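In what follows, a single structure is set out as structure tokens and then discussed.
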Amino acid sequence: MSTTLKIVLISTYELGRQPFGLASPAAWLRKRGHSVVCMDLARQALHEPAIKEADLIAIYLPMHTATRLAAQILPGLRAQNSNAHFCCYGLYAPMNEAYLRSLGVATILGGEFENGLVHLAERLLQSKVSNDSNGNGVRRSAPQEESLISLERLKFEVPDRSGMPALQKYAHLIIPGDGYRIVGSTEASRGCKHLCRHCPIVPVYNGVFRIVPREIVLEDVHRQVSAGAQHISFGDPDFFNGIGHAIPLVDQLHREFPGVTYDVTIKIEHLRKYEEHLPKLKETGCLFVISAVESVNDIFLTALEKGHTRADFLQVAATFRNLGLTLHPTFVPFSPWTTVENYLDLLRVLYEEQLTENVAPIQLGIRLLIPAGSRMLELEEISRVIGPFDPQSLVYPWRHSEPRVDALSEAVQEIAAAADRDKLSRTMAFERIWIAAHRAAGTAPPAFSHAQNAQAVPFLSEPWYCCAEPTTDQLISIGRPKPVVNNPTVSADSFV
């Protein structure tokens, strides 16, 4: 009689990173004796024998794209193993509870999910033991006992990344003129103090954030450096949510791994508030900071409750130039507030601030995403333009009142896709977008100087983006496992 469960943890997509959302719960579950296989379908093919043997199949949903991909594979997984208990966990799981349950998902876990997965596994094991004599196995549709959203303070375990594709298979750091570096990733905190209206974190965490202890983070980094990582990408929603945690952490990181660089994500609001700490980032090996600027239109920024203004962004850009730090701003350029004229204004700001190399072309084509539970639904401007919730795309679809804005959005997305396919520089792609936007406005594009924006910057090979609705082509491309060399396969007896 078995006293452990066979568990498969699945990630469909996590921005080209080795998924923390598999490694962390794998450590918790393995510590308690369960056999766990981790599958990252963005980097490896689904291994059917492991699926067929599993008692519990849990899919990690950290973002909208991952959720749509999971919805595509769930029917096939259930067909391969109708006796398994299915769980979805992560940020987007509780936001899409009704839809996921319609696909046969019995347990939904949001927020701090590790302890919920452990409790679920123990509960299923008890039912398996009691039912084994009858040949019934686990109760695949047992009613959920775990909290839908848990914000409890956890005693974190060091993530267990064994059995996952090697770091070399994931997105890498591009350093113009100096090749590339292998990238690892980790999390020093989860959740967020802030309530930005469009942010998917807010419906789950509602202003709460949780710190991962420094010793756990550093041990996770140590193991990844031993596995070849030369750069660490911190996946925190905002690295400066806990400034007293962040600064000592990067100090110690640099002391222990002086040759390892890193990147972080920080709000413009925090970059202004904690400006005195920015030199410390540079001193400790921070190559760039990602910041969700979203817009240079103060009306839209107010609607989003971002906590910063156009002037704040310009001040941060100037500060970064003076310090020699690299800023990677991200945007939601297309929204119901967008006009062709203020889109041109955004392009002019990026050009004048010499940021064309700092912005991934896809960032300039992103449309506002309005998922279930979004605070955007509170706004009259949104209620006027959205259609009924679409369970297939998992959003409230919207069209702009001015057709040429939607046409420009599609044109920019096509330019970005072509630039990626043809391996154009970001500034070359920007120039094409510059021309297309001026044509949409019915004006001749001003002369464009490549020399003004010739400063290449380090960046990750898979662009960061959020709050965006992928096109069908993008979804297919993201969901297709990337070609790899010597990809480790999962053997039939690989539950560890």
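The values are calculated or read from the model by the stated rules, or taken from the named source; none is laboratory data. As the structure is a prediction and not an experimental result, all values here were calculated from the model. With ideal geometry, Cβ positions are generated from the backbone for all residues, glycine too; neighbour counts draw on all protein chains shown. The area values use the complete protein model at the heavy-atom level, side chains included, leaving out ligands, DNA and RNA. Shrake-Rupley method; radii C 1.70, N 1.55, O 1.52, S 1.80 Å.
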note = When region 249-260 is checked residue by residue, the ones that are open to solvent by less than 40 Å² (accessible area, probe 1.4 Å) and either in a helix (DSSP H, G or I) or touching a His at 6+ places or on another chain (Cβ under 7 Å) (or both) are LEU249, VAL250, LEU253, VAL260
key: Unmet requirement for ASP236, which otherwise passes all of (1) in contact with a helix residue (DSSP H, G or I) (Cβ under 8 Å, 6 or more places away or on another chain); (2) closer than 23 Å to LYS169 by Cα   = (1)
key: Residue in region 318-327 that is of a type outside the set (Phe, Trp, Tyr), under 30 Å from VAL158 (Cα atoms), more than 24 Å from the chain's Cα centre (by Cα) and open to solvent by 20 Å² or more (accessible area, probe 1.4 Å) present   = no
ask   = Looking at (1) open to solvent by less than 50 Å² (accessible area, probe 1.4 Å); (2) at pLDDT below 95, which is the only condition LEU173 fails?
value = (2)
message = Going residue by residue through region 406-429, is there one that turns out to be at positive phi and within 23 Å of the chain's Cα centre (by Cα)?
response = no
task = Specify the residue that is most open to solvent (accessible area, probe 1.4 Å); the eligible residues are those in region 261-276 that are in a strand (DSSP E or B) and touching a His at 6+ places or on another chain (Cβ under 8 Å).
result = THR261
request  = Give the residues of region 70-95 that are closer than 20 Å to ILE201 by Cα and open to solvent by 10 Å² or more (accessible area, probe 1.4 Å), sorted by residue number.
outcome  = LEU91, PRO94, MET95
message = Residue under question is PRO371, and the condition is that it be at pLDDT below 95 and in contact with a strand residue (DSSP E or B) (Cβ under 7 Å, 6 or more places away or on another chain); does it hold?
response = yes
Every pair of residues 6+ apart whose Cβ atoms lie under 8 Å, when the first sits in region 82-105 and is farther than 17 Å from THR12 by Cβ while the second is open to solvent by 60 Å² or more (accessible area, probe 1.4 Å) and assigned to a strand (DSSP E or B) = PRO94/ILE149
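Listed here are the residues, each with its yes/no results for (1) under 21 Å from ASN358 (Cα atoms); (2) touching a residue at least 40 places away in the same chain (Cβ under 8 Å); (3) open to solvent by 50 Å² or more (accessible area, probe 1.4 Å).
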{"position": "PRO403", "(1), (2), (3)": "no, no, yes"}
{"position": "VAL412", "(1), (2), (3)": "yes, yes, no"}
{"position": "ILE415", "(1), (2), (3)": "yes, yes, no"}
{"position": "ASP420", "(1), (2), (3)": "yes, yes, yes"}
{"position": "PHE430", "(1), (2), (3)": "yes, yes, no"}
{"position": "ALA441", "(1), (2), (3)": "no, yes, no"}
{"position": "PRO445", "(1), (2), (3)": "no, no, yes"}
{"position": "HIS450", "(1), (2), (3)": "yes, no, yes"}
note = Going through region 347-383 in order, the residues found to be in contact with an Asp or Glu (Cβ under 6 Å, 6 or more places away or on another chain) and part of a helix (DSSP H, G or I) are none
message = So, ALA292, is that one surrounded by 15 or more Cβ atoms within 10 Å (Cβ to Cβ), small (Gly, Ala, Ser) and touching a Ser or Thr at 6+ places or on another chain (Cβ under 7 Å) or not?
response = yes
ask   = For GLN354, are the conditions met, namely being touching a residue at least 60 places away in the same chain (Cβ under 8 Å) and in contact with a helix residue (DSSP H, G or I) (Cβ under 8 Å, 6 or more places away or on another chain)?
value = yes
inquiry  = Given the options THR330, THR319, name the one that is β-branched (Val, Ile, Thr) and part of a helix (DSSP H, G or I).
reply    = THR319
query = How many residues does region 333-346 contain that are assigned to a helix (DSSP H, G or I) and more than 17 Å from THR309 (Cα to Cα)?
reply = 3
message = Contact list please: Cβ distance under 7 Å, first residue in region 295-306 and under 16 Å from GLN363 (Cβ atoms), second residue part of a helix (DSSP H, G or I) and of a type in the set (A, V, I, L, M, F, W, C), pairs at least six apart or on different chains.
response = SER295/LEU301; VAL296/PHE313; VAL296/LEU346; VAL296/VAL349
query = What tally of residues in region 96-118 results from selecting those that are of a type in the set (Phe, Trp, Tyr), crowded, with 23+ Cβ neighbours inside 10 Å and over 19 Å from the mean Cα position of the chain (by Cα)?
reply = 0
key: Criterion: among the β-branched types (Val, Ile, Thr) and free of Cβ contacts under 8 Å to residues at least 40 places away in the same chain - qualifying residue of THR309, THR330, THR326   = THR309
query = If you go through region 43-65 one residue at a time, how many are open to solvent by less than 10 Å² (accessible area, probe 1.4 Å) and either touching a strand residue (DSSP E or B) at 6+ places or on another chain (Cβ under 7 Å) or on the phi > 0 side of the Ramachandran plot (or both)?
reply = 8
task = Identify all residues within region 17-34 that are at pLDDT 95 or above, open to solvent by 10 Å² or more (accessible area, probe 1.4 Å) and not in a helix (DSSP H, G or I); write none if there are none.
result = GLN18, ARG32, GLY33
